[in-house]
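**Q** Attaching a single structure in structure tokens format; questions to follow.
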Amino acid sequence: MVLIHEILNIVVPPLSLALLFYILPPYMLFKSLHLIVRSIFSENVAGKVILITGASSGIGEHLAYEYGKRGARLALVARRENRLMEVAIRAKSLGSPDVITIPADVSRLQDCKRFIHLTLNHFRRLDHLVNNAGIIPVSLFEDSIDITNFAPAMDINFWGSAYCTYFSIPHLRRCKGKIIAIASSAGWLPAPRMIFYNASKAAVISLYENLRTELGSDIGITIITPGLIESEMTQGKFLYKEGRMVLDQEIRDVQVSLMPIRSVTEAAKAIVKSACRGDACLTEPAWIRTTFYWKLLCPEVLELCNRWLLLTGSSERDTISKKLLDLSSLKKYLYPESIKNPKLKPN
């Protein structure tokens with residue numbers, strides 16, 4: 001057995017590279033042609049039923065508006081009922097013929113089962129499931145007062161997505177529907193203080209990559225890996241080490257630094273367009289995808305840079321990343337107005 005592995009260690013790498021060299025050009029040509037075909041025959045969602053979790057703000061809210069503009073019927077899910085009602089009213093004004101709101105917590109199995117049932121009971125079908133609900137914990141691993149305070153990150157970001165998907169699959173299969181999984185480019189990026197969030201989003205990416213192999217063509221799956229998008233999260237709303245949600249713009253500036261924040265309106269347009277096109281994945285904005293190749297080819301460089309930028313300084317609020325932002329005076333150009341002057345709605 002040892003000899004077999006020794007032989008494979010020598011033979012497999014050069015053979016794989018040679019095979020990749022011959023396969024890659026025709027594969028890329030096929031992908032380009034397939035993209036053109038999918039763009040021409042993009043799905044018309046008018047009259048179709050779209051269920052969106054985390055629809056009370058940020059990406060989820062603006063996905064409701066984009067689907068509404070296309071004439072889709074909407075089931076909007078979040079914990080904040082008052083915000084859901086506001087989103088529903090606007091989505092209707094933009095063109096959605098029918099919108100229902102369902103206050104629920106995706107981290108609870110029975111809540112997920114209930115809102116899937118209510119959606120089916122009202123609309124009699126389900127065409128797109130958009131798993132968007134999420135929170136961001138921010139803390140160094142060793143600074144955690146009680147590590148279980150960060151369990152909601154996995155409960156909401158991963159299990160909430162898994163629960164909704166589990167109960168939706170039979171109904172999506174019947175309509176040849178789609179799952180749109182809002183993950184994050186953080187799923188492949190190592191960053192101090194983001195360990196629990198990044199791990200939860202890596203789990204989401206892995207969940208849907210594996211599920212795609214199980215479901216085949218029965219249900220389309222589009223994995224979305226956004227960079228920094230205008231939202232309550234980039235306004236500085238975090239799950240902090242004490243186990244409560246806080247608004248902390250200083251820590252936000254430390255973590256974001258000179259990274260430009262993408263308009264949520266433009267991001268939502270790109271996501272709905274990608275979902276209707278039937279893409280396997282989308283990184284928004286597209287340039288963020290380059291960080292994946294840095295992670296793949298030069299992981300040590302990425303890790304060292306993030307450690308230097310985000311940890312070097314006299315305190316956690318006086319890092320090199322924060323100093324670069326303050327000294328450059330570029331914040332007004334890189335951050336949308338809603339991020340610089342947040343007006344968060346109460347929970």
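The values are calculated or read from the model by the stated rules, or taken from the named source; none is laboratory data. Fair warning: this is a prediction, and the values are worked out from it, not measured in the lab. No Cβ is skipped: glycine too gets one built from the backbone with ideal geometry, and neighbour counts run over all protein chains shown. With ligands, DNA and RNA removed, areas are computed over all heavy atoms of the protein, side chains included. Shrake-Rupley method; radii C 1.70, N 1.55, O 1.52, S 1.80 Å.
**Q** Scanning region 155-192 for residues that are in a helix (DSSP H, G or I) and closer than 14 Å to Asp127 by Cβ, which turns out most open to solvent (accessible area, probe 1.4 Å)?
**A** Per the criteria, the residue is Arg174.
**Q** Still on this model: Would you pick out the residues in region 256-274 that are within 14 Å of Thr319 (Cβ to Cβ) and touching a Phe, Trp or Tyr at 6+ places or on another chain (Cβ under 9 Å)?
**A** Val256
**Q** If you don't mind, there's one more thing I want to ask. Taking the criterion of being touching a Cys at 6+ places or on another chain (Cβ under 7 Å), open to solvent by less than 20 Å² (accessible area, probe 1.4 Å) and closer than 23 Å to Glu43 by Cα, would at least one residue in region 131-139 satisfy it?
**A** yes
**Q** Can you name every residue in region 204-251 that is open to solvent by 30 Å² or more (accessible area, probe 1.4 Å), outside any loop (DSSP other than H, G, I, E, B) and in contact with a Phe, Trp or Tyr (Cβ under 9 Å, 6 or more places away or on another chain)?
**A** Leu207, Met245, Leu247
**Q** Something else about it: How many residues does region 68-97 contain that are surrounded by fewer than 15 Cβ atoms within 10 Å (Cβ to Cβ) and either part of a loop (DSSP other than H, G, I, E, B) or β-branched (Val, Ile, Thr) (or both)?
**A** 3
**Q** Sticking with this one: Is one or more of the residues making up region 15-32 touching a residue at least 60 places away in the same chain (Cβ under 8 Å), open to solvent by 20 Å² or more (accessible area, probe 1.4 Å), among the small types (Gly, Ala, Ser) and part of a helix (DSSP H, G or I)?
**A** Looking for residues that are touching a residue at least 60 places away in the same chain (Cβ under 8 Å), open to solvent by 20 Å² or more (accessible area, probe 1.4 Å), among the small types (Gly, Ala, Ser) and part of a helix (DSSP H, G or I), one finds none in region 15-32, hence no.
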